[in-house]
Amino acid sequence: MVERADRSPSAEKSSGVGRLLIAALVIAGLSIGLAVIEPAQAQPFLIGIFAVLAVVGLVAILAAAIGFLRVGATAPAPGIGSELVDVIDEGLLVTDQEGRIVYTNRAYADLLGAEQAGPRSIERAFAGNADAAEAIFRVARKVRSGAKGSEEVRSPRPLNPDVEGGPRWYRISARPTGEGEDRIAWRIADISDERARQEQVFQELQHAIDYLDHAPAGFLSAEPDGTIVHMNATLAEWLGLDLSGFDPGALRLQEIVQGDGIALLATPPDATQRNRTSIIDLDLVKRNGQNLPVRLLHKVPMTADGAPGATRTIVLNRSPGEDVSEALRQAEVRFTRFFNNTPIAIAAVHRDGRIGRNNAPFARMFEPAAPYARLVDLVVETDRPKLEAGLDAAAEGAGSIPPIDAKLAGETDASARFFVNPVAQTDNEEIVVVNALDITDQRKLEQQFAQSQKMQAVGQLAGGIAHDFNNVLTAIIGFSDLLLANHRPADPSFQDIMNIKQNANRAAGLVRQLLAFSRRQTLMPQVLSLGDVLSDLAILLTRLLGENVKLDMNHGRDLWPVKVDINQFEQVIINLAVNGRDAMPDGGTMTISTRNLEAAEVAAFNYRPLPEVDYVLTEVADTGTGIPADVQEKIFEPFFSTKDVGKGTGLGLSTVYGIIKQTGGHIFFTTEPDKGTAFHLFLPRYEPQEGDKVATTTESQSGIEDLTGTANILLVEDEEAVRAFAARALTSRGYNVYEAPTGVEALDVMEEAGGEIDLVVSDVVMPELDGPSLLRELRKTRPDLKIIFISGYAEDAFRKNLPQGEEFQFLPKPFSLKQLATAVKETLGT
């Protein structure tokens, strides 16, 4: 029986009480009647009454078991108006937590056909349907947890037995309701028509996809980052791809577009040309590596926020046999390949300066620029007038327009050379063709070459000056030594002579720095482990940096050996550390680190010139003020300094530059304003030879005490002051000295001496016959003659002019009396 919502609770309650009173009166009447009848006569009546009651009780139990009979109130839930729930199209069933039916609306009865047989529970309605039973169980489980649940189930036939038809779809949903949520409101709706509409839409979509997949043109859609999200079967077949194995997002445009053609697709659309369809001719790459000439009808729709969305691209196959106009197709394909594969960027320019059609290299070179922008907007503002002038001249039909070099707009240092040429006017008013070459690398090479030439010229000048100064300083230091030898410390003039010598030695230090910059100083390279050298230098560096600067040293493991002059390398580190300290007036951190750098890693530094070989990289970094951009090109020049007058010679970094270059290494730097500067020293890895010894300290000086001798010495020196000092110095030590101002005169003296000369002390650079040439002449008659070369230049500067394996000693200028006497004593071996 269906309980209706139009019966009030008070009416149902009074009706139930009335039936209860009638039943009580009937039972009372039967009891009185049986009381006045004889027991023997009453027995059959009692048996009959008990039988009837038994049958009624059994039927009631069965009815309750199957839900036909309900015990308790069936009034609708409080707050639900009967008029409202009866007009709901969906069936409504309210049960308690035990599943007993509390209320059903009219739609529920119509849906299940329960008007005559009484309301049925949801479980009974779908009895025999295993899938529906599982769905109902899942919904009930969600409701018991306090949540809402909903499932869609399929029934092989309508739930109402009075309705004929095939399978039906129903949506079953439930939620807790009532005070304390002690009841469950079930809703059931027939959604078969909705499902049918969905199926129809799905079938139509499948047909549309099938039509698109097998269309005579290819189709693809790609996200702005190049990820392909859709591709039809036709395009997949052309490319030799298996569409069944294609996953959206697994393939990118860069994998199927050849060369720079991807730049034509990656260029963002201009705001004034949104949703414009572009025609692009390029080559795709098949799976087997062959080219596929295609024409793209390419469109990039814009999203609501103005950002580019997924592309819509139709692909037309332009392979042989795919086009009715074969000759025209071949010509267009050839032109497209020439157009897009040339190393020159090409673009047509409209009368108003807008960029028209362009090739792939142009799109790649000017990638940040949107298409259809003005050409002059692609260069920096200072270069725009000359480019505009060139375009205007071409628009007027002028020929032989000179190339225009301009720096490209943006934060890069890129530059291009534009060749502007006029063309005949066309319907779309593309009247100028512009060819552009990327000259960024050329500009950098020109700047580096100019800087190298300037440094070389300054170095030659510095080297020449240093050589002449060394001769002067040799005489000053030498004669000072001669004077000191004749004066006692107590003499009034002794201290003056010492001051002369000390200042001469100071000047000699400056000259050594000039020679270091010009790479003409004398080096004594040793095989070193830089980690050990820097560790020994740490204490001195800590003192030099002061308390406000923290020294942090990080050394790589198993550093390769290098071959450098240990004293000069220490000077490099000290100069860089002092410069870094001065750049941190308020304190900071000085970091010195070393590591091995394999040849494969060199290219990542992007420095030029820097050959790709193995290096030991030393980096000296500070956290100072950085190097201003306007002085960065000058920091390695001699006598250039940003310090106050009297606080620097300007030779610190030039000395560093020369030492590293003379050692065969390279030096570069990176700097950021207010963040600091880092110098990168690349020293080539030294492959140890048999007998090599890794050193960490300089060799000890000679311990010879007796510097006298009796040998015959030929002194060859074109600088009179140096020759006079050296002759007096050696004579004072007991040697017999022959003098010659040139190499030619030295040969004459040798001939006159008749083989009595034991040692030749000769300058290197002399008129008529220089030192190496003199040695070759002397070896013709005296192959075992010992010789000492003296020079203001480095030993390496003239060694290359001597025969391979030639033995000689070298004494760099300026030298003192003692150094000259020691060199002679050691060479003679007496």
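The values are calculated or read from the model by the stated rules, or taken from the named source; none is laboratory data. This is a predicted model, so every value here is computed, not measured. Because the Cβ atoms are built from the backbone with ideal geometry, glycine has one as well, and the counts that use them run over all protein chains shown. Ligands, DNA and RNA are excluded from the accessible area calculation, which covers all protein heavy atoms including side chains. Shrake-Rupley method; radii C 1.70, N 1.55, O 1.52, S 1.80 Å.
Here are some pairs, LYS444/LYS634; LYS634/LYS675; LYS444/LYS813; which of them have Cα atoms lying more than 28 Å apart in this structure? Let's see the in-between values first.
Working: LYS444/LYS634 16 Å; LYS634/LYS675 20 Å; LYS444/LYS813 39 Å.
Result: LYS444/LYS813 exceed 28 Å.
Per residue, what accessible area does segment 534-581 have, given a 1.4 Å probe and all protein chains present, in Å²?
52 Å²
For segment 653-664, what does the Karplus curve 6.51 cos²θ - 1.76 cosθ + 1.60, with θ = phi - 60°, yield as ³J(HN,Hα) per residue in whole Hz, taken in order and with x for Gly and Pro?
The phi angles translate into 6, 5, 5, 4, 4, x, 5, 5, 5, 5, 6, x Hz.
Show the residues, 5+ positions off or on another chain, whose built amide H is closer than 5 Å to the amide H of ARG168.
Long-range HN contacts for ARG168: SER155, ARG157.
In whole Hz and in residue order, list the ³J(HN,Hα) couplings for segment 151-167 that follow from phi through the Karplus curve 6.51 cos²θ - 1.76 cosθ + 1.60, θ = phi - 60°; x for Gly and Pro.
9, 10, 10, 10, 10, x, 8, x, 5, 7, x, 7, 9, 8, x, x, x
Leaving out ligands, DNA and RNA, what percent of the accessible area of segment 530-628 is carbon and sulfur, probe 1.4 Å?
47 percent
Taking only protein heavy atoms and a 1.4 Å probe, what accessible area per residue, in Å², does segment 743-830 have with all protein chains in place?
Per-residue accessible area for segment 743-830 comes out at 48 Å².
Please list, ordered by chain and number, the residues whose modelled amide H lies under 5 Å from the amide H of LYS563; skip anything fewer than 5 residues away on the same chain.
Those lying under 5 Å, H to H, from LYS563 are LEU528, TYR686.
List every residue whose amide H lies under 5 Å from the amide H of TRP186, counting only residues 5 or more places away in sequence or on a different chain, with H placed 1.01 Å from N in the peptide plane.
LEU93, VAL94, THR95
Got a number for carbon plus sulfur as a percent of segment 223-265's accessible area, 1.4 Å probe?
It is 49 percent, rounded to a whole number.
Roughly speaking, to the nearest percent, how much of segment 706-786's 1.4 Å accessible area is carbon and sulfur? Write down the numbers at each step before the final one.
Working: 1670 of 3670 Å².
Looking at segment 706-786 in its full context, I get 45 percent from C and S.
By the scheme Lys and Arg +1, Asp and Glu -1, what is the net charge of all other residues having a beta-carbon under 11 Å from that of ARG733? Let's see the in-between values first.
Working: positive: ARG728, LYS818, LYS825; negative: ASP706.
Net charge around ARG733: +2.
Enumerate the calculated ³J(HN,Hα) couplings along segment 301-306 in order (Karplus 6.51 cos²θ - 1.76 cosθ + 1.60, θ = phi - 60°), each rounded to whole Hz, writing x wherever the residue is Gly or Pro.
My calculation for segment 301-306 gives x, 9, 7, 4, 8, x Hz in order.
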